[in-house]
1. Which of the residues that make up segment A:1-34 are within 12 Å of chain B (Cβ to nearest Cβ) and within 25 Å of the chain's Cα centre (by Cα)?
2. Right, A:Ser232: in a helix (DSSP H, G or I), under 20 Å from A:Leu37 (Cβ atoms), among the small types (Gly, Ala, Ser) and modelled with pLDDT of 95 or more or not?
3. Residues in segment B:172-198 that are more than 15 Å from the chain's Cα centre (by Cα) and on the phi < 0 side of the Ramachandran plot: how many?
4. B:Thr157 - would you say it is farther than 24 Å from B:Gln87 by Cα, surrounded by fewer than 23 Cβ atoms within 10 Å (Cβ to Cβ), free of Cβ contacts under 8 Å to residues at least 24 places away in the same chain and not small (Gly, Ala, Ser)?
5. Do you know which residues across segment B:113-138 are at pLDDT below 95, under 27 Å from the mean Cα position of the chain (by Cα) and within 14 Å of chain A (Cβ to nearest Cβ)?
6. B:Ile64 fails exactly one of the following numbered conditions: (1) assigned to a loop (DSSP other than H, G, I, E, B); (2) at pLDDT 90 or above; (3) within 27 Å of B:Glu263 (Cα to Cα); (4) away from chain A (no Cβ under 11 Å). What is the number of that condition?
7. Looking only at segment B:188-244, which residues are of a type in the set (D, E, K, R) and touching a Phe, Trp or Tyr at 6+ places or on another chain (Cβ under 6 Å)?
8. So which of A:Val24, A:Val28, A:Val40, A:Val19 is over 21 Å from A:Leu61 (Cα atoms) and either of a type in the set (D, E, K, R) or in contact (Cβ under 8 Å) with a residue 40 or more places away in the chain (or both)?
Amino acid sequence: MSGYIYPNELELQWGLLVVIYPYVTGLVAGAFILASLERVFRVRAIEPTYRLALLTALAFLLVAPLPLQAHLGHPERSFAIFLTPNLRSAMAMFGFVYAWYLAVVLLLEIWFDYRKDLVLWAQQSRGLKKAFYYALTLGATDLSPRAIRFDNVAGRLVTFIGIPSAFLLHGYVGFIFGSVKANPWWSSVLIPIVFLFSAMVSGIALVLLLYVFTSLVRSKPVNMVCLDTLASFLLYALILDFSLEALDFIHRLYEAEESIHILGELVSSRLFLSLVVLQVLLGTLVPMVLLTLLSPAFHHRAVLPATEELRRMVYFGSAILIQVGIFSTRWNVVIGGQLFSKSLRGLTVYKLDMFGLEGLFVGIGLLLLPLVILYVLIRILPPWTDETPVTAEAPAVSS
Amino acid sequence: MEDRRLDVPAERPGAQVLDRREFLLKCAAAGSTFILAGPLMEASQGEQAAEGYDPTSHYYGMGIDVSKCIGCARCMTACKTENDVPQEPQFVRTWVERYVIPVEGEVEVRAIGPEGAIAETPPSEGGILRTFFVPKICNHCATAPCVQVCPVGATFTTQDGVVLVDPEYCIGCRYCIQACPYGARFLHPETHVAEKCTFCYHRLVKGLLPACVEVCPSGARIFGELRARNSPLARFLRFNAIQVLKDHLNTEPKVYYANLDREVS
């Protein structure tokens, strides 16, 4: 602690769990937007990741409310948000936005996409497994060309609704922070937009990681056209995201409102490692340079021609760095916004516990849980399309 | 010593009770679902006003004369005793800040302890330009950000202008603590719900003054009716140049300061 902070500010209110919440919802929104690239914008090259992206979004969405629930003082009363929401509260909308996204968008889209397979799997299986898959079809077992066509149209329609919904889901999370006028670090109209683009970055990076990893585990060759395209989109999103964050930063510096001194102190001391080093340098600039050099993002050619193996490694490494960077971004928003006093006269510290509900181990558990759920989902609904692998010698974007 | 009483107009018997309570009871009476009715009825029970008290005939505010505060911390102690506030220094409903403005160098601000400023008078080397105490408390804002952000409506404004928390309904999300620009709220370490100054609402409904006002030996805190022309608070507002804290945030605080220094935030 340095300078003066109000007595009630000695305790930080939102800890690691509230950092995890926007990180996880960002991954959901990002993975979904990636899936919709294939579906709505017909970027055929990334088709191998379409279903994987949808299942990833679902796995992470199922976990998203857990950190919030766990951090409540009275988790047993959380249902009141649904029953008697205060309609003027941004946070009260959480349940509705979440339910809309889960039930109307994600589950519907997955169901329409998998219905044909579910019917086939039900037909090919026996016993309990047969009953299980049959139950998942909800009794809709019609495989006539007309029915399949309807699945496609309906799925596409849901994706159309899904894109603004994904924007809503994560833009809304940004709004929860951006609309707090008491906090000059949060209060910015750009925060929801920055959240959105960082969500896309983290979602694409996650699906890229999962795609490479699962291919490795399954001993299948990675579709390099797909991977190059993913890397290119990752770079586009990263550039947009960084530009917006830079705009926010420059805007604050140039306006130099009364909070500028304490925020300057915050960035140069408490947040130096997590913001300057992890978020900007390692999480953004390094992957941006690497992807610019090796991916075919511009002019369909890479600046530095590299072998497939090198590109795979660099993309994989960049995606990991990006995950670290985006997690740091969430940390810097949530924790950073509480490290200075609203008296604008002092800084405080956040001590991360190891054990307990707000501790490091619970946090790690909550970040691993979606991967476990994803594993189960993949076992139930195999998303693979790579029976005939495609490789490309020269990196090229095809769309 | 007998408690000083609020100088208030006579109340109408059988008057309407709180807006929220009325709303909740109506909801329940309208045959809401079984699940809905349970917690709502429970929530409404916490807001029983004293018999005959009419919140519609009051509108409260507080005046603070910075030049009169002597930093004795009686208000802090009285508040903690009256309202059962945890004794630890990081949980306060009201506190007093000491400002020391040196001839040269940085302004020093600190919150005084329960023993009062006399127990911790700092050395005055190098010369002091000005020094003063500023009592702080929930501003009971007319457009309170905490009320706006509460997802379940557990934080609400009463008809008589007091911002309260329903401890039976608060889910402990702490969004209100984040939204308060004044650092006036905290999470109770035992009940795990948001806590703040109530203007001693339990005393108000009996016609008594808030505890901090009651014990202030120098009359630095003036409590009363904002809408009555002849109340002590109305006189205070009429005869002083008034400021509120963080006016630019448009929260419309109902705690008014006289003789406030620009250093105070």
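The values are calculated or read from the model by the stated rules, or taken from the named source; none is laboratory data. Keep in mind that this is a model prediction, so the values were computed, not measured. With ideal geometry, Cβ positions are generated from the backbone for all residues, glycine too; neighbour counts draw on all protein chains shown.
1. Across segment A:1-34, the qualifying residues are A:Gln13, A:Trp14, A:Gly15, A:Leu17, A:Val18, A:Tyr21.
2. yes
3. Within segment B:172-198, residues that are more than 15 Å from the chain's Cα centre (by Cα) and on the phi < 0 side of the Ramachandran plot number 10.
4. yes
5. B:Gly113, B:Pro114
6. Exception for B:Ile64: condition (1).
7. Of everything in segment B:188-244, those that are of a type in the set (D, E, K, R) and touching a Phe, Trp or Tyr at 6+ places or on another chain (Cβ under 6 Å) turn out to be B:Glu195, B:Arg227.
8. Only one candidate passes the filter, namely A:Val40.
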